[in-house]
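One structure below.
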Amino acid sequence: MNSRLRSLSGVALMLLIIPIFAGLLACLPVPIGDPERSRIDPDLSGIWVVLAGGETFDESGFYVFEPYDKRTWLVSGAALIEGDDSDLSEYDLTSYDGFVELAAAKPVADSYVSIDQIVIYKAWIKKLGGEIFMTWEPKGMLDDGIPEPEVWITYRIIKNGHDRFEMQAVNSESDLFDDVKVTRRAYEKVISRNSDNPELYVDSKDEDTVATLVRVRESELQFFEELFQTIVGWD
């Protein structure tokens with residue numbers, strides 16, 4: 001498998017847990033910001049529920065933003081999987097209260113509710129045009145060693161207090177990038193000049209383009225831990 005195919009396979013995994021974004025439109029050919037010069041925002045560290053973007057549960061899951069050092073996070077995530085003996089549509093997973101009800105009612109098991117894989121990213125932030133942007137670099141795609149990524153996913157971060165924030169994907173196919181040199185500096189200039197321009201971001205009339213994340217409370221932490229134990233097998 002060549003490096004490009006490995007990179008695109010990582011993008012495919014990303015889409016399993018954030019299907020509300022418009023696929024490869026969210027993937028830039030260059031990273032935004034420099035992970036060696038960034039600083040993490042402690043408010044974004046922690047365990048987060050990704051609320052469903054519509055009426056179905058299959059747009060929901062979890063992310064863990066774990067500080068790797070003072071500059072970057074290790075981001076891991078997973079999507080919720082509905083079992084054969086379960087109907088998750090009865091829970092409103094567009095709200096955190098729906099997760100509370102789900103965690104109280106459904107055991108973690110393949111036949112009820114589970115996850116089947118974890119995806120991993122390196123992430124860092126950069127402030128441009130008065131907005132915070134976070135770049136995700138796919139990790140964990142091993143074949144002939146660790147490949148250099150060929151795509152990066154970049155989101156605008158919209159903070160709504162300590163326990164809630166939103167992510168809006170930058171659109172790599174926006175006309176704003178036409179005839180722009182494919183370098184980090186050139187792309188950063190476009191983003192900085194257009195940070196409040198709706199044309200900079202992924203847009204779709206058929207689905208939401210902003211993911212809402214809510215911090216997992218201690219009361220639901222056991223549910224989260226049991227989900228991840230099915231994959232990583234910690235005790």
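The values are calculated or read from the model by the stated rules, or taken from the named source; none is laboratory data. The model shown is predicted, which means the values in this text are computed figures rather than measured ones. Quick reminder, even Gly has a Cβ in these numbers, built from the backbone with ideal geometry, and neighbours come from all protein chains shown.
Restricting the first residue to the stretch 163-183 and requiring it to be within 14 Å of residue 135 (Cα to Cα), which pairs with a second residue that is in a helix (DSSP H, G or I) and of a type in the set (Val, Ile, Thr) meet a Cβ separation below 8 Å and a spacing of at least six or different chains? The qualifying pairs are 170/191.
Residue 167 fulfils the conditions (1) within 21 Å of the chain's Cα centre (by Cα); (2) part of a loop (DSSP other than H, G, I, E, B) except for a single criterion, (2).
Rundown of residues vs (1) small (Gly, Ala, Ser); (2) in contact (Cβ under 8 Å) with a residue 24 or more places away in the chain, yes/no style:
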site	(1), (2)
60	yes, yes
75	no, yes
82	no, yes
86	yes, yes
107	no, no
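Specify which of the listed residues (138, 147) is assigned to a strand (DSSP E or B) and modelled with pLDDT under 90. Full working, then the answer.
Numbers: 147 fails: assigned to a strand (DSSP E or B).
Only one candidate passes the filter, namely 138.
For the stretch 82-106, filtering for residues that are surrounded by fewer than 19 Cβ atoms within 10 Å (Cβ to Cβ), in a loop (DSSP other than H, G, I, E, B) and in contact with a strand residue (DSSP E or B) (Cβ under 8 Å, 6 or more places away or on another chain) leaves 1.
Listed residues 120, 115, 158; which is modelled with pLDDT of 90 or more and of a type in the set (A, V, I, L, M)? I'd like the intermediate steps shown before the answer.
Working: 120 fails: modelled with pLDDT of 90 or more; 115 fails: modelled with pLDDT of 90 or more.
Answer to the selection: 158.
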